[in-house]
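Here's the structure, in structure tokens; my notes come after.
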Amino acid sequence: SDSPIGRALRLYDDQPLGIRAFVRTRHLLCPMSAIERHVPARGRILDLGCGHGLFSALMAIASPERSIVGVDPSHAKVDVASRLAGKLPNVEVLQGTVESFGEGNLDAVTILDVLYLLPPAEKERVLRRVRELLAPDGQLILKTNDTHPVWKYRWARFEEEIVTRLGITMGGSDLHFFSCVQTASLLQQIGFRDVQVVHLPTLMPYPHALFHCVK
């Protein structure tokens, strides 16, 4: 496919089979193309918890007027994402966390399937730091899984417990899923405004939810 996501996936063709299989599975399980359409078409964008860099690459390919910086705590994933960034002039990748990222005045921050790994107090701390990094009208695009419908939530949680135990995803011994109501409430409490919740359509058994809000 010559779609932006197809072009992004082909950037991994020189990677080992395991990496190629992982990013293709990630693409199947997360509706990244639908999420990308909610990201501003231009400006400086932080992709927090970028992993192997697939969404960073997708954003960069879909709109060359975006300047993407991906940040992730995993050295191994950053190594893969950095090789990818070498093929894209508007992407750079850094190893670290939101606390170690010093640049501010960002046009947008994207966070995909990261917050469930963090206990409630840590979620709040990360989101407060994200808000500090944004420009006055900067946007947060946050993808999570809802806890409803229950059968989809149970499947998503089961799968995430497996990949976390296998060490594929960096996380503690427990997972901390929030409902959409809890997440929207936390965002408003921190000071984000115009909080919109978008339920992303999918044939897969995942309760995908996207939060789009403004600093």
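How would the stretch 29-144 be classified by its alpha-carbon gyration tensor: rounded, prolate or oblate, with rounded meaning a/c under 1.5 and the a/b versus b/c comparison settling the rest? Show your work: numbers first, answer last.
Working: a/c = 1.37, a/b = 1.18, b/c = 1.17.
It comes out rounded by the Cα gyration axes.
Gain on full extension, evaluated as 0.36 nm per residue between residue 181 and residue 122 minus their Cα-Cα distance, stands at 19.4 nm. Computed 3J(HN,Hα) for the stretch 18-28, one whole-Hz value per residue from the Karplus formula 6.51 cos²θ - 1.76 cosθ + 1.60 where θ = phi - 60°, is x, 5, 4, 5, 5, 5, 5, 5, 4, 4, 5, glycine and proline marked x. Using a probe of 1.4 Å, the accessible surface attributed to residue 32 totals some 10 Å² when neighbouring protein chains are kept in position. How many percent of the accessible area of the stretch 1-122 is carbon or sulfur, using a 1.4 Å probe? Its accessible area is 56 percent carbon and sulfur atoms. Per residue, the stretch 27-107 exposes 40 Å² of solvent-accessible protein surface, assessed with a 1.4 angstrom probe and all protein chains in place. Taking 41 Å as R0, compute the FRET efficiency from the Cβ-Cβ separation of residue 214 and residue 82 and round it to 0.05. Computed FRET efficiency for residue 214 and residue 82 comes out at 0.85.
Between residue 100 and residue 37, the simple spin-label model (points 7 angstrom out along Cα→Cβ) gives 3.6 nm.
For the stretch 58-148, averaging the sequence separation of C-alpha pairs within contact (under 8 Å, six or more residues apart) and dividing by the residue count gives a relative contact order of 27 percent.
Bridge orientation summary for the stretch 1-127: considering DSSP beta bridges with both residues in this region, about 0 percent are antiparallel.
The values are calculated or read from the model by the stated rules, or taken from the named source; none is laboratory data. Just so we're clear, the structure is a prediction, and the values are computed from it rather than from any experiment. Glycine gets a Cβ as well: all are built from the backbone with ideal geometry, and neighbour counts include every protein chain shown. Side chains are part of the model used for accessible areas, which takes the heavy atoms of the whole protein and leaves out ligands, DNA and RNA. Shrake-Rupley method; radii C 1.70, N 1.55, O 1.52, S 1.80 Å.
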